[in-house]
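Structure, as structure tokens:
The values are calculated or read from the model by the stated rules, or taken from the named source; none is laboratory data. No experiment lies behind these values; they were computed from the predicted model shown. Methodologically, a virtual Cβ is constructed for each residue, glycine included, from the backbone with ideal geometry; neighbour enumeration extends over all protein chains shown.
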Amino acid sequence: MIASTYFFNMIREAVTEYLSKHGVDITSEPKKFSENFKCVLFDMDGVLYDSMPNHAIAWQESMAKFGINMTSANAYATEGARGIDTIKKFMLDQIGKNITLDEAQTIYDEKTRIFHHMPTAPIFEGVTEMMEKIVQSGMSVNVVTGSGQRPLIDRLIHDFGKFIDEDHITTAYDVKRGKPYPDPYLIGLKKAGNLKPSQGIVVENAPLGVRSGVSAGIFTIAINSGPLPDSALKNEGANILFHKMTELSDEWNYLF
């Protein structure tokens, strides 16, 4: 009960401060929060699926084949950005070559090939229960990912088809500028029903993703499911931080 009271007060304070800054008139009653928010926008890797360890390995192996050094820490730090943007940046920084999109796509295809030969990443504990609670709260479930891999999008529909359809999924191919720009989450709001930033909630695990949600003006919850320090997410402006989806799920009904 002590932990729940702590989290409850922490979330209530963060939400109240956020809504006040965005000119939303609410009472201090927690139940009123749900009357403002209309959708939740989830990142995919590292939030819905425990897939980042696989992605880190695939990034390191594929980039090494093209003479680029990429560490596991690099993979976590750049997560959320479009793959081709990450490749172009590393190529420019390390080799001094400004490669074309087609050249970047070739490297990304190799990364994708390696990733899909690895064991299937499990769904994080608490995700399905979290989506159930979101729907019960009268909000829609949405996904905003920097990935453009068709098998991963198909898996989203297969695993979470009860809560989401393809019209509520934003991918790398929906934007010209990926995370950390606000574009992906602004498109996500549009797909969620042409909503205002103050009507959405972002759930992210990566610094670039948090920066994207915050720069879009959306209340942003960080789930630090990886090895990065909490400060890497807090410093990007996360409104509140948890370490597990189950923590957020446990507190959801207290607010909504």
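Brief remarks follow.
- The one condition from (1) out of contact with any Leu (no Cβ under 7 Å at 6 or more places or on another chain); (2) closer than 19 Å to G83 by Cα; (3) assigned to a loop (DSSP other than H, G, I, E, B); (4) not assigned by TED's automatic domain parsing to the domain that holds F42 that K111 does not meet is (3).
- Residue satisfying all of: in the stretch 178-200; without any contact (Cβ under 8 Å) to a residue 60 or more places away in the chain and of a type in the set (A, V, I, L, M, F, W, C); surrounded by the most Cβ atoms within 10 Å (Cβ to Cβ) among these: L186
- Only a single item in (1) in a helix (DSSP H, G or I); (2) on the phi > 0 side of the Ramachandran plot is not met by L189, and it is number (2).
- All of V175, V203 fail the test of being touching a residue at least 12 places away in the same chain (Cβ under 8 Å) and touching a strand residue (DSSP E or B) at 6+ places or on another chain (Cβ under 8 Å), apart from V203.
- Residue check, A77 surrounded by 14 or more Cβ atoms within 10 Å (Cβ to Cβ), within 21 Å of R177 (Cβ to Cβ) and modelled with pLDDT under 85: no
- The stretch 98-138, subset farther than 30 Å from A192 by Cβ and among the charged types (D, E, K, R), residue surrounded by the fewest Cβ atoms within 10 Å (Cβ to Cβ): D102
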